[in-house]
1. Give me the residue from the range 34-89 that is in contact with a strand residue (DSSP E or B) (Cβ under 6 Å, 6 or more places away or on another chain) and among the small types (Gly, Ala, Ser) and, out of that set, nearest to Asp196 (Cα to Cα).
2. From Thr61, Thr65, grab the single residue that is out of contact with any Gly (no Cβ under 9 Å at 6 or more places or on another chain) and not hydrophobic (A, V, I, L, M, F, W, C).
3. Take Phe133 and decide whether it is of a type in the set (Phe, Trp, Tyr), modelled with pLDDT of 95 or more and farther than 23 Å from Ala63 by Cβ.
4. Name the residues in the range 82-100 that are farther than 17 Å from Arg147 by Cβ and either surrounded by 18 or more Cβ atoms within 10 Å (Cβ to Cβ) or in contact (Cβ under 8 Å) with a residue 12 or more places away in the chain (or both), would you?
5. Considering the range 101-137 alone, what residues qualify as being out of contact with any helix residue (DSSP H, G or I) (no Cβ under 6 Å at 6 or more places or on another chain), more than 23 Å from Ala13 (Cα to Cα) and surrounded by 15 or more Cβ atoms within 10 Å (Cβ to Cβ)?
6. (1) touching a Leu at 6+ places or on another chain (Cβ under 7 Å); (2) free of Cβ contacts under 8 Å to residues at least 60 places away in the same chain; (3) of a type in the set (D, E, K, R): which one isn't true of Arg135, the others all being true?
7. Select from the range 80-94 the residues that are within 21 Å of Asp44 (Cα to Cα) and among the small types (Gly, Ala, Ser) and list them in ascending order.
Amino acid sequence: MTLETAPRELVLASTSPYRRELLERLGMPFSTARPQVDESRLEDESADQLVLRLAEAKARTVANTRAGALVVGSDQVAVLGREILGKPGDRAGAVEQLMRSSGQRVDFLTGLCLVDTASGKTQLDLVPYSVFFRRLSEAQIQSYVDRDEPFNAAGSFKSEGLGIALFERMEGNDPTALVGLPLIRLIGMLAEAGVDVLVDTD
């Protein structure tokens, strides 16, 4: 007689609809929780340090209330040169960001954390992805912003929508990192925690 182990509870420490839609691709049941974390940047903190700290803080905050669960935390920033691009918030902010990004490379840095509350093990990694913008006219940018309304997206575009037309090319190992949850790296982390996403789907 073999004993079947119960499937691990998987929790996404985010209420982002983009991250939720990405995690749904794995076909595994999961829940979401909003982490109560101050996302302010610390003095002299680099973009890399910021996203790694916040990804871990989000995962740990939720993990404290979910015994036995696997908790996923993620945080992302867009970087143009040495400047961190935040969410534009409105039309004017989006147009201004895209005007500066025109013809430039923007690097997206995603911190990813998996906390296994059963074993106490934490996995943490940084996943980069870069987009190279076409040279865009102001009319093209304004038209794009009006059609896609990327006001809540770092970098002022939605790559899963019309935003793909803004790019000359993209560079990186995992295109899902661009949307904020690097699935290829997460699948590896889950495997380290004993979960095979191709098998453990119940």
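The values are calculated or read from the model by the stated rules, or taken from the named source; none is laboratory data. Note that the coordinates shown come from a computational prediction; the quantities given were computed from them, not determined experimentally. Cβ: placed from backbone, ideal geometry, glycine included. Neighbour counts: every protein chain shown.
1. Among them, the one singled out is Ala69.
2. Working: Thr61 fails: out of contact with any Gly (no Cβ under 9 Å at 6 or more places or on another chain).
Answer to the check: Thr65.
3. yes
4. If we filter the range 82-100 for residues that are farther than 17 Å from Arg147 by Cβ, which is where we start, we get 82-87, 89, 96, 100.
Across the range 82-100, the qualifying residues are Ile84, Leu85, Gly86, Lys87, Gly89, Arg100.
5. The answer is Ser101, Ser102, Arg105, Val106, Asp107, Ser130, Val131, Phe132, Leu136.
6. Answer for Arg135: the failing condition is (1).
7. Gly81, Gly86
Here's the yes/no breakdown for (1) part of a loop (DSSP other than H, G, I, E, B); (2) of a type in the set (Ser, Thr, Tyr); (3) in contact (Cβ under 8 Å) with a residue 24 or more places away in the chain:
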position: Ser143; (1), (2), (3): no, yes, no
position: Arg147; (1), (2), (3): no, no, no
position: Pro150; (1), (2), (3): yes, no, yes
position: Lys158; (1), (2), (3): yes, no, no
position: Gly163; (1), (2), (3): no, no, no
position: Arg185; (1), (2), (3): no, no, yes
position: Met189; (1), (2), (3): no, no, yes
